[in-house]
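Written out below as structure tokens is the structure these notes cover.
Nothing in this text is a laboratory measurement; each read-out follows from the coordinates by a stated rule. Bear in mind that the values here come from a model prediction, so they are computed numbers and not experimental data. FYI the Cβ positions are ideal-geometry reconstructions off the backbone, even for glycines, and counts take in every protein chain you see.
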Amino acid sequence: MDYYRNISYSISHIFLFSFFYLFVPHRYSRQKTVGICLTAVFTLSATDLLKLNIWPESEFCYVVVTVIQILVTQLTGILISSKRNSKIFFMGLTASNYVIAGSAAATILYIFWGNAVASLTVSTMIHFCLLLFLCIRIRTIWLQFCENDYMGSWWELCLIPVLFYCSTTFTAFFPRTLDENPGNIVPTVFLISTMFVSYVVVLRYVESEFNRSGIYWKNIMFESYIKGLENQYDLVEKSERNLKVMRHDMRHFSSLIDSLLNQQEYDEIKKIIDYVNEVANENKVEKYCDNLILNTVISGMAEKARSNRITLQLNICIPREIQINAYEFASVVANLLENAILCVGDLSEEKRKIDGTIQYTGEHILIEFQNPCEQEIKFDEMTGLPRSSKGKQHGLGMQSILSFSEKTGGNVGCYCEDGMFHIMMFAKF
């Protein structure tokens with residue numbers, strides 16, 4: 001039976017780290033990640049010899065080796081992950097639970113069939129089917145969800161896989177295995193079934209939260225877009241009223257200019273022309289770029305800057321049609337402008353300045369903003385972006401910017417130097 005357990009456990013280890021490889025956003029290259037996972041598989045298989053072959057009767061050895069294997073497993077998941085947080089820990093514990101289901105199935109099949117080859121074959125198929133099913137159904141959404149921090153800490157949810165892992169281990173493997181105590185087969189089956197049902201509920205919750213966050217950002221974007229349209233509509237109405245008045249008064253200006261020409265009062269004529277030009281410029285609806293959505297959103301943010309007496313200097317070159325999602329792109333620009341407006345809002349009026357450059361050529365995109373900053377900025381160690389200290393509902397704009405950058409294959413970075421905050425995002429298509 002020892003050789004059978006060794007092979008069964010090794011198969012579980014292989015699928016365990018296959019799960020890690022597929023469901024963890026990688027920090028390292030593919031080759032290095034595979035190498036770390038294979039090293040972990042070899043380490044777990046080697047330590048299995050201690051509790052299964054060298055000291056099979058020692059409960060102390062079993063406990064110590066199992067604890068070491070748990071640490072190796074979970075630390076490997078955290079090591080290879082680009083995101084080191086409670087979500088990755090939850091995923092690692094979940095992986096352990098899924099593979100323990102396959103190991104328990106192998107033992108149960110061996111007890112009933114007595115055929116090691118058939119049991120290992122079916123157990124491998126169970127492992128493979130579980131992994132394939134999870135890859136098809138949730139891998140993409142899970143990896144996307146791991147990149148965002150909308151739900152904050154997952155430490156409470158981590159209790160679910162911890163309790164299931166402990167319950168299944170003490171029921172099926174320790175201190176007596178299922179082949180030694182077949183009476184635990186039925187409780188083990190029901191426990192594993194309950195575990196899968198619980199995970200379905202948790203993963204559906206994850207999916208609903210991911211969809212909710214997507215809807216949230218769309219609503220924020222549409223809200224900015226609608227406010228921009230309202231502002232533009234108000235400006236157009238105001239301009240039309242003022243221009244109607246000016247057109248009505250033009251005949252008076254014309255008569256006055258004719259009279260001044262006869263009197264050769266050229267300086268007075270120049271003053272009248274300057275006044276007419278000034279009125280025309282005041283009622284001109286400013287156009288920042290040819291892209292309707294971006295122009296509308298920027299118009300709304302510019303109006304917000306003007307109401308806060310903030311000088312906004314923008315250099316924008318965006319065509320009418322762009323090959324990226326215009327709403328997402330406009331949302332990024334709106335978030336950057338809003339953050340800058342909040343940053344300079346408390347400064348003295350002469351320091352309230354924001355400079356921005358937005359360039360799009362069809363081959364690359366460049367977004368760069370800079371503004372005075374007198375407050376201390378805390379940067380996230382993982383992303384390098386500013387981290388909000390105002391609670392859960394703050395800092396989401398930076399997460400949206402990072403998500404857009406990663407989606408477009410770009411880079412985003414920022415720094416604060418000599419009292420000026422700089423942030424730049426660049427992507428080459």
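Residues 304, 378, 271, arranged from fewest to most other Cβ atoms within 10 angstrom of their Cβ, appear as 378, 271, 304. Pairwise alpha-carbon distances in the stretch 98-205 exceed 22 Å for 40% of all pairs.
Fully extending the segment from residue 30 to residue 67 would add 10.5 nm, taking 0.36 nm per residue of separation and subtracting the current Cα-Cα distance.
Could you rank the peptides 110-116, 368-374 by their average count of other C-beta atoms within 10 Å per residue, with the highest value first? The partial results should precede the final answer.
Values: 110-116: 13.9, 368-374: 18.7.
In decreasing order of mean packing, 110-116, 368-374 become 368-374, 110-116.
Note on the stretch 287-429: the C-alpha convex hull projects to 8.4 nm² when averaged across all orientations. In plain terms, the bigger the Kirkwood radius, the slower the diffusion; for the stretch 19-122, with that radius from Cα pairs, at 4 °C and 1.567 mPa s, Stokes-Einstein puts D at 85 µm²/s.
Annotation: the antiparallel percentage among DSSP beta bridges lying fully within the stretch 287-429 is about 75. A simple spin-label model places the labels of residue 241 and residue 256 2.2 nm from each other, with each point 7 Å out along Cα-to-Cβ. Computed from the C-beta positions of residue 177 and residue 411, the FRET efficiency with R₀ = 56 Å rounds to 0.60. Would you please give the FRET efficiency between residue 42 and residue 426, computed as 1/(1 + (r/R0)^6) with r the Cβ-Cβ distance and R0 = 35 Å, to the nearest 0.05? So, using R0 = 35 Å, E works out to roughly 0.25. Mean projection of the Cα convex hull over all viewing directions, computed for the stretch 30-188: 10.4 nm². Model label points for residue 377 and residue 190, set 7 angstrom from Cα along the Cα-to-Cβ axis, are 5.9 nm apart. Net charge in the neighbourhood of residue 411 (other residues with Cβ under 14 Å of its Cβ; Lys, Arg +1, Asp, Glu -1) is 0.
Between residue 325 and residue 277, what is the FRET efficiency for a Förster distance of 30 Å, r being their Cβ-Cβ separation, to the nearest 0.05? Please report the intermediate quantities before stating the final value.
Working: r = 40 Å, r/R0 = 1.33.
For R0 = 30 Å, the calculated efficiency reads 0.15.
Note on the stretch 287-429: Lys pairs 8 or more places apart or on different chains, Cα atoms under 28 Å apart, count 19. Fully extending the segment from residue 133 to residue 342, taken as 0.36 nm per residue of separation minus the present Cα-Cα distance, adds 70.6 nm.
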